[in-house]
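Encoded as structure tokens, the structure appears first; notes follow it.
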Amino acid sequence: MASDFEHKGTRREDALDYHANPKPGKIEVVPTKAFSNQRDLALAYTPGVAEPCLEIARDPDLAYKYTTKGNLVAVVSNGTAVLGLGDIGALAGKPVMEGKGILFKRFAGIDVFDIELSPKDPKAIIETVAALEPTFGGINLEDIKAPDCFEIEEALIQRMDIPVFHDDQHGTAIISGAALINALEIVGKEIDKVKVVFSGAGAAAIATARLYLALGIKRENVILCDQKGVVYKGRPDPSNKYKDEFSAPADCKVRTLTEALAGADVFVGVSKGGIVSGDMVKKMADKPIIFAMANPDPEITPDEALAARPDAIMATGRSDYPNQVNNVLGFPFIFRGALDVRARKINTEMKLAAVRALAALAREDVPDIVQKAYGGALLRFGPEYIIPKPFDPRLVMRVPVAVAKAAMDTGVARVRIDNLEAYRERLERLLGKSREIMRPIIRKAQRSLKRIVFPEGDDEKILHACRALVDERIAVPILLGYEKRIRQMISSLGLESLKDVAVMNPETFPLFDEYAEELMEMRQRKGINNLDEAKRFLMDLNAFGAMMVHRGDADGLLSGNRTAYSDTIRPALQINGMKKGVKRCCGLYVVLHKNRVVFFADTTVNPDPTAEDLAEIALQTVEQVKFFTDEEPRVAMLSFASFGATRHPSTDKVRRATDLVRAKAPKLNIDGEIQADVALDAALREELFPFSTLKESANVLIFPDLDSANIAYKLMLKFAGAEAIGPILMGVDAPVNVLQRGSTVNEVVAMAAVTAVQAQDMAAAKIPLPRVVGK
């Protein structure tokens with residue numbers, strides 16, 4: 001059977017190779033517990049496995065504690081309606097079901113077993129799936145033809161005490177429902193007054209029509225069309241009870257899709273490509289809403305529809321057009337919420353909660369990470385952005401919470417979540433370890449807002465990050481640069497939150513002369529020997545920002561997104577100076593991989609540190625560990641050889657640095673010189689070097705030089721898929737941090753929060769903020 005992939009930019013050979021290599025299929029079972037010795041075997045299987053078995057026999061609800069049931073969904077299909085390929089059979093549909101498993105796991109952390117059933121008889125499928133209830137926490141029915149899918153889902157919902165959800169029905173309904181709410185707001189129409197025409201009368205159409213009624217569409221304003229035209233009472237050809245639910249009255253004046261579209265406000269296409277023309281669209285009402293969702297070819301393309309009606313709002317099922325109605329926006333997150341409260345079913349109220357959460361999210365400012373995932377396109381609520389994008393990380397924090405709350409409110413939840421904010425934070429961890437680490441830091445920053453100055457005030461990413469800082473009350477931004485340009489950017493980017501933000505320009509700053517005089521006094525005999533030189537120096541926005549922090553007119557500084565690290569750090573060192581007793585500043589990355597948090601230093605500043613420098617770097621890093629975690633610092637002074645195996649100036653340097661640290665901090669858990677694998681593997685270290693004083697696996701890695709540190713953390717990020725927070729500047733006597741060039745908005749927000757908490761801890765704000773600087 002031929003495919004339509006070629007014209008969409010994906011070669012057939014690429015798709016086949018993706019599924020075949022490096023091993024067949026797309027999913028595998030991965031153990032979640034250690035299993036490497038006889039004790040593990042005894043716990044995982046006999047005799048230890050008997051204990052949870054007996055507990056579950058005593059109390060069946062304990063299956064949610066001792067097994068995967070609570071996070072396991074069955075994706076079930078008989079292959080009778082696979083994508084646009086039709087009835088290709090259960091086995092041929094297996095790649096789709098495996099793909100569904102990937103989406104569940106990737107977007108919502110849900111495990112899946114795909115189950116392909118050979119029977120086509122609905123009763124046989126009902127009996128088989130109902131018998132699976134002990135294994136699963138939920139059932140996702142997929143690619144089953146209509147009307148069988150209605151009968152199967154209805155029977156299983158009645159018989160089973162876990163959520164059953166046919167995504168082909170409800171996924172399209174929920175996502176297009178969110179799009180409808182937002183499209184109606186944009187065109188200024190009331191939901192109970194619009195006329196809606198459906199092309200298609202199968203699973204997606206019927207479910208969507210039902211949900212639209214729940215949203216407020218009037219039954220008398222809905223016209224359903226199938227391949228034979230308008231469905232109406234008394235039509236001579238055979239129908240079914242599901243179509244009959246939306247049959248027009250027998251005296252209905254319209255009989256064709258063309259006639260039905262005349263004067264219609266909304267078109268919902270879930271049928272086949274090319275059946276709607278520009279002339280048909282021209283006859284629709286003003287500002288028509290057109291959801292042409294047939295795949296791969298929509299009922300009418302956006303180009304043709306908008307050529308005929310430039311005032312239309314379009315959505316399709318295609319990713320290469322704006323407003324893709326993609327079911328992945330729904331099912332992973334709906335199941336996540338339902339599973340987390342152990343819902344008995346997914347009811348209409350839960351679906352509506354998902355609709356409203358999706359619609360609300362599309363009206364918010366779009367994160368940089370989403371814009372980047374879609375080629376840097378400017379995404380803003382409007383005709384070409386009425387529903388969120390699938391890779392929006394906020395989905396997992398919004399939709400499950402709304403669904404879980406609706407389940408509890410309607411009495412279908414077995415367990416309650418009393419603290420929905422804590423639940424949202426738990427969901428946030430699915431996005432990565434860095435979110436978990438940053439959450440307490442952000443909370444602390446929110447307790448006492450600090451003023452963070454941004455010398456790159458006209459940088460688009462910085463502005464988006466500052467919007468987040470203001471909206472989430474993390475910090476008070478101060479932007480440096482030309483005020484007119486920055487205000488224009490704020491307006492053009494739609495960053496309403498920043499309309500009152502302080503914008504400073506050295507040329508017009510009323511305290512500029514005072515700054516220059518003080519700088520001249522500070523730097524006399526150090527390169528700035530007269531007032532003119534001081535003023536020229538302060539025209540560098542990084543220098544001006546550093547002076548604001550020095551004077552107490554700002555509490556912290558964050559810069560470097562567009563400039564070299566050395567150029568950004570130099571003014572801070574010249575103006576803010578080093579902490580008392582510290583001779584070297586240095587840079588730290590918090591590297592997060594799976595469930596491990598490891599601190600890498602020095603990653604940014606010192607190319608070839610001495611033993612004394614390394615000792616100072618280690619001690620400064622230990623202090624930063626306490627900033628991020630309650631774990632005991634376990635320090636490994638790294639080298640290419642362990643414990644004198646090779647004598648070399650580099651190993652000698654690390655050995656001496658270790659001795660210096662021990663002398664200053666005798667109770668510190670530290671050892672060196674030591675190789676990285678030995679440092680991170682306690683069992684290997686015990687085997688090879690039982691005399692080592694390092695307890696457990698190291699979580700602080702002090703590298704012998706900048707080359708090794710910088711290379712190591714970047715390899716972790718790019719090769720191992722680790723996350724990182726940083727670079728955090730240590731040693732400067734002020735809350736100053738330097739971004740890596742090209743940082744994302746999320747990275748800027750994280751570093752601003754770190755800088756704000758450093759400002760709290762260092763009590764940097766000593767002088768009241770002058771009124772001219774802003775709030």
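Data for the structure
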{"read-out": "Extension gain from T135 to E185, taking 0.36 nm per residue of separation minus the Cα-Cα distance", "value": "13.6 nm"}
{"read-out": "Degrees, to the nearest 10: 745-762 long Cα axis against longest axis of the chain", "value": "40 degrees"}
{"read-out": "Approximate spin-label separation E696-K105, in nm, with each point projected 7 Å along Cα-to-Cβ", "value": "2.9 nm"}
{"read-out": "Ellipsoid equivalent to the stretch 47-182 - semi-axes via the Cα gyration tensor, in Å", "value": "28, 18, 15"}
{"read-out": "Whole-angstrom gap from the stretch 470-539 to the stretch 297-369, using each part's C-alpha centre", "value": "43 Å"}
{"read-out": "Amide hydrogen neighbours beyond the local backbone of V736, cut-off 5 Å, H modeled", "value": "L557"}
{"read-out": "Evaluated at q = 0.09, 0.15, 0.16 Å⁻¹: base-10 log I(q)/I(0), Debye formula over Cα of the stretch 217-350", "value": "-0.34, -0.85, -0.92"}
{"read-out": "Per-bin percent of Cα-Cα distances, the stretch 139-226 [10 Å]", "value": "16, 44, 28, 10, 0"}
{"read-out": "Largest to smallest principal axis extent of the C-alpha atoms in the stretch 530-674, angstrom", "value": "58, 35, 28"}
{"read-out": "Within the stretch 76-98: backbone nitrogen closer than 18 Å to the F35 label point (7 Å, Cα to C-beta)", "value": "none"}
{"read-out": "Directionally averaged shadow of the stretch 526-611, computed from the convex hull of its alpha-carbon atoms, nm²", "value": "8.3 nm²"}
{"read-out": "Principal-axis tilt of helix 348-362 within the chain, Cα atoms, nearest 10 degrees", "value": "50 degrees"}
{"read-out": "Antiparallel bridge percentage (DSSP; both residues within the chain; nearest 5)", "value": "25 percent"}
{"read-out": "Contact order relative to length of the chain, as percent, for alpha carbon pairs under 8 angstrom and 6 or more apart", "value": "9 percent"}
{"read-out": "Cα-based convex hull, the stretch 362-471, per residue volume (Å³, whole number)", "value": "144 Å³"}
{"read-out": "Packing-based order for 404-413, 151-160, 84-93, using average beta carbon neighbours within 10 Å, highest first", "value": "404-413, 151-160, 84-93"}
{"read-out": "Potential lengthening between R447 and E304 on full extension [0.36 nm per residue; Cα-Cα distance subtracted]", "value": "46.1 nm"}
{"read-out": "Contact order relative to length of the stretch 427-555, as percent, for alpha carbon pairs under 8 angstrom and 6 or more apart", "value": "23 percent"}
{"read-out": "Fully extended contour minus Cα-Cα distance, from L43 to M522, at 0.36 nm per residue", "value": "165.7 nm"}
{"read-out": "Cα-projected label distance for R562 with D244, points at 7 Å along beta-carbon direction, nm", "value": "6.8 nm"}
{"read-out": "Peptides ranked, highest mean first, by Cβ atoms within 10 Å: ranges 126-138, 69-81, 547-559, 20-32", "value": "547-559, 69-81, 126-138, 20-32"}
{"read-out": "Rough spin-label spacing in nm, given labels placed 7 Å along Cα→Cβ, for K218 and K272", "value": "3.4 nm"}
{"read-out": "Cα-only radius of gyration and Dmax that characterise the stretch 662-709, units Å", "value": "11.2, 30"}
{"read-out": "Relative packing of peptides 276-284, 629-637 - highest average C-beta neighbours within 10 Å first", "value": "629-637, 276-284"}
{"read-out": "1.4 Å probe accessible area per residue over the stretch 410-472, in Å²", "value": "44 Å²"}
{"read-out": "Set of aspartates and glutamates with alpha-carbon distance to K33 below 20 Å, sequence-local pairs under 8 removed", "value": "E51, E55, D111, D681, E696"}
{"read-out": "Cα centroid separation - the stretch 41-117 against the stretch 228-286, whole Å", "value": "40 Å"}
{"read-out": "The stretch 447-491 - convex hull of the alpha-carbon atoms, volume per residue in Å³", "value": "56 Å³"}
{"read-out": "The stretch 154-301: Rg to Rh, with Rh as the Kirkwood radius over Cα pairs", "value": "0.97"}
{"read-out": "Relative counts (whole %) of C-alpha pair distances in the stretch 611-716, using bins that are 10 Å wide", "value": "15, 51, 32, 2"}
{"read-out": "The stretch 296-361: projected area of the alpha-carbon convex hull, averaged over directions, in nm²", "value": "6.0 nm²"}
{"read-out": "The stretch 151-202-the stretch 641-712 distance, computed between alpha-carbon centres (Å)", "value": "60 Å"}
{"read-out": "Nearest-ten-degree value, helix 649-664 long axis tilted from longest Cα axis of the chain", "value": "80 degrees"}
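The values are calculated or read from the model by the stated rules, or taken from the named source; none is laboratory data. Owing to the predicted nature of the structure, the values given are computational and were not obtained by experimental measurement. As a convention, Cβ positions derive from the backbone with ideal geometry for all residues, glycine included, and neighbour counts pool all protein chains shown. Accessible surface areas use protein heavy atoms only, side chains included; no ligands, DNA or RNA. Shrake-Rupley method; radii C 1.70, N 1.55, O 1.52, S 1.80 Å.
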